[in-house]
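Beneath this line is the structure, given in structure tokens, with notes to follow.
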Amino acid sequence: TDKSIEILQTGKLLASCEAALAERYTVHKLHEEADPKAWLAANGSRIRAHAGSGVQADLMDALPNLEIIASFGVGYDNIDTRTAKARNIRVTNTPNVLNDAVAELTIGLMIALARRIPQADQYVRQGKWLSGSMPLFSELTGKTVGILGLGRIGKEIAARAQAMKMRVVYHGRKRQPSEPHVFYDNLTDMARDSDWLVIIAPGGKGTERIVSRDVLTALGPKGMIVNVARGTLIDEPAMLDLLQNGGLGGAALDVFEDEPEVPSGFLALDNVVLSPHQGSATVQTRDAMGALLVANLEAHFAGEPLISAVV
Ligand code: NDP
């Protein structure tokens, strides 16, 4: 505890995380200020840490003594890490503690899409069962799943997909010799050979729309796509078009290009399962993410090595 250390939040955080921060430091909440610009001009130079996510160069400009950005989440595509690095500002994220929750949701979305569980629930609620029966759908068993991004979360998805009796293949920038699964250096080739394509690589410039119309077309009319990474990885208009016109079998989507806005076309489709970016959204995982964020700040201010640094 050192209340002389002043830190900044620019958005609401998990309650347990906010409480832990307030116990240790003097916390300012920019999102609760009537005039954030004026507040930054008057107080910005006292801020030594940012807690939360989404920090661009303009905010760093306003915080000349910022030492560390402790981000809540593993993806840091919404932080300008280049500028941070150039200014000697450390950046931490919350990897690993959310792997299981995201992998669980991924398998859940896959079964939900394959068996149309949300639609089946509506079918019962709306009394349609009394006068008919649902059509027959597909299953995961025996299918090939191509994982785009066999990283920390991707490996947990792979293990669970194998438990579903699926064959796992993967694509990334490099082969991982210690992994038993077949590697594709070409994403379109993997899509052509897969029944399911699961996207779990980072967002940002390096992966923008790598799931192009060509990749989606290669996945094909029976192909199923699952995105639990970032909306930016897929050519979203092309995906919608193919879903509407039978060029793609189905989609389960936790993330969108312009979330929380979801293109209305998706809402009308029966071969789509929608989810509000809730990959890590369980009590136990969010608590662990908050604890890791706080632990990184504590390590920093104690002059100890950071636990999970990206810069
Ligand atoms: P990791 O860094 O452990 O894994 C990322 C994987 O993506 C690596 O295997 C990497 O392999 C691959 N990859 C990276 N860049 C490229 C590229 N340009 N082309 C192809 N493959 C690439 O990350 P995590 O598993 O911890 O997290 C992955 C992402 O999941 C996060 O960045 C985040 O955006 C998202 N996420 C979403 C959540 C949700 O709520 N929906 C929750 C948590 C995370 P290689 O190096 O060989 O290319």
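Counting pairs of Cα atoms in the chain, how many percent are more than 37 Å apart?
Cα-Cα pairs of the chain separated by over 37 Å account for 25 percent.
Report the residue, chosen from Val145, Val262, Val228, that carries the largest GNM mean-square fluctuation when the chain is represented by alpha-carbon nodes joined by springs under 10 Å.
Looking only at Val145, Val262, Val228, the biggest GNM fluctuation is shown by Val262.
With charges set only on the Cβ (+1 for Lys and Arg, -1 for Asp and Glu), what does the dipole of the stretch 150-273 come to about its Cα centre, in debye to the nearest 20?
Using Cβ point charges on Lys, Arg, Asp and Glu, the stretch 150-273 gives about 660 debye.
What FRET efficiency do you get for Lys222 and Asn78 if R0 is 41 Å and r is their Cβ-Cβ distance, rounded to the nearest 0.05?
My answer for the efficiency is 0.75.
Take the chain, connect every pair of alpha-carbon atoms lying under 10 Å apart with a spring to form a Gaussian network, then pick out the residue of Pro263, Pro221, Pro36 with the largest mean-square fluctuation.
Pro36
List the residues, sorted by chain then number, that are 5 or more residues from Thr144 or on another chain and whose placed amide H is less than 5 Å from its amide H.
Arg167, Asp195, Trp196
Shape verdict for the stretch 40-189, please, from the Cα gyration tensor: rounded (a/c under 1.5), prolate (a/b greater than b/c) or oblate.
oblate
Which of rounded, prolate, oblate describes the stretch 192-275, given a ≥ b ≥ c as roots of the alpha-carbon gyration tensor eigenvalues and a/c under 1.5 marking rounded, otherwise prolate only if a/b is larger than b/c?
oblate
Sequence gap of 8 or more, or different chains, plus Cα separation below 27 Å: how many lysine pairs satisfy both in the chain?
25
Report, to the nearest whole %, how much of the accessible area of the chain belongs to carbon and sulfur atoms, 1.4 Å probe, protein only.
Of the solvent-accessible surface of the chain, carbon and sulfur hold 50 percent.
Quick check: residue separation of Thr141 and Ile307 times 0.36 nm, minus the Cα distance between them. What number comes out in nm?
55.9 nm
So, in nm, how far is label Asn245 from label Asp58 when the simple model puts each one 7 Å beyond its Cα toward the Cβ?
For the pair Asn245/Asp58, the computed spacing is 3.8 nm.
What residues have an amide H closer than 5 Å to that of Arg90, excluding those fewer than 5 places away on the same chain, when H is modeled at 1.01 Å from N in the peptide plane?
Correct list: Ile68, Ile69.
Computed FRET efficiency, Cβ-Cβ of Thr26 and Ser131, R0 45 Å: what is it to the nearest 0.05?
0.10
At Ser212 and Arg192, where each label point lies 7 Å from the Cα along Cα→Cβ, what is the point-to-point distance in nanometres?
Once both label points are built, they end up 1.4 nm from each other.
Label Val182 and Met164 with points 7 Å out from Cα along Cα→Cβ: what is the distance between them in nm?
According to this spin-label approximation, the distance is 1.9 nm.
Per residue, how large is the accessible surface of the stretch 178-260? Use a 1.4 angstrom probe and give square angstrom.
42
On each of the three principal axes of the Cα atoms of the stretch 238-311, give max minus min coordinate, whole Å, ordered largest first.
Reported extents, whole Å, longest axis first: 58, 26, 20.
Just going by the charge dipole of the stretch 4-136, with Lys and Arg at +1 and Asp and Glu at -1 on Cβ, which of Leu130, Gly73, Thr26 is farthest out on the positive end?
Most positive-ward Cα: Leu130.
What is the angle, in °, between the Cα long axis of helix 152-163 and the longest principal axis of the Cα atoms in the chain? Nearest 10 is fine, range 0 to 90.
Value to nearest ten degrees: 30.
In debye, nearest 20, what is the charge dipole magnitude of the chain about its Cα centre with +1 on Lys and Arg Cβ and -1 on Asp and Glu Cβ, if you could check?
Once rounded to the nearest 20, the dipole reads 660 debye.
Keeping every protein chain in place, order His277, His300, His50 by accessible area at 1.4 Å, biggest value first, i.e. largest first.
His277, His300, His50
Okay, helix-only estimate at 222 nm for the chain: each DSSP H run of n ≥ 4 adds -39500 (n - 2.57), divide by all residues, round to 500 deg cm²/dmol; what do you get?
Taking each H run of at least 4 residues, the total per residue is -10500 deg cm²/dmol.
Tell me, what ³J(HN,Hα) does each residue in the stretch 53-69 have, in order and in whole Hz, if you take phi through Karplus 6.51 cos²θ - 1.76 cosθ + 1.60 with θ = phi - 60° and put x for Gly and Pro?
8, x, 10, 10, 4, 5, 5, 4, 4, 7, 10, x, 10, 5, 9, 8, 10
Over the chain, calculate the relative contact order: mean separation of alpha carbon pairs under 8 Å at least 6 apart, over the residue count, as a percent.
17
Using only alpha carbon pairs under 8 Å that are at least six residues apart, calculate the relative contact order of the stretch 1-97 and give it in whole percent.
Relative contact order for the stretch 1-97 comes out at 24 percent.
Among Met60, Met164, Met134, which one shows the biggest mean-square fluctuation in a GNM of the chain, springs joining Cα atoms closer than 10 Å?
Met134
Using a Förster radius of 35 Å, what is the FRET efficiency between Ala38 and Asn88 based on their Cβ-Cβ separation? Nearest 0.05, please.
0.80
The values are calculated or read from the model by the stated rules, or taken from the named source; none is laboratory data. Because the structure is predicted, anything quoted here is derived from the model rather than measured. Virtual Cβ from ideal backbone geometry, glycine too; neighbours counted across all protein chains shown. Side chains included, ligands, DNA and RNA excluded: accessible areas come from the protein's heavy atoms. Shrake-Rupley method; radii C 1.70, N 1.55, O 1.52, S 1.80 Å.
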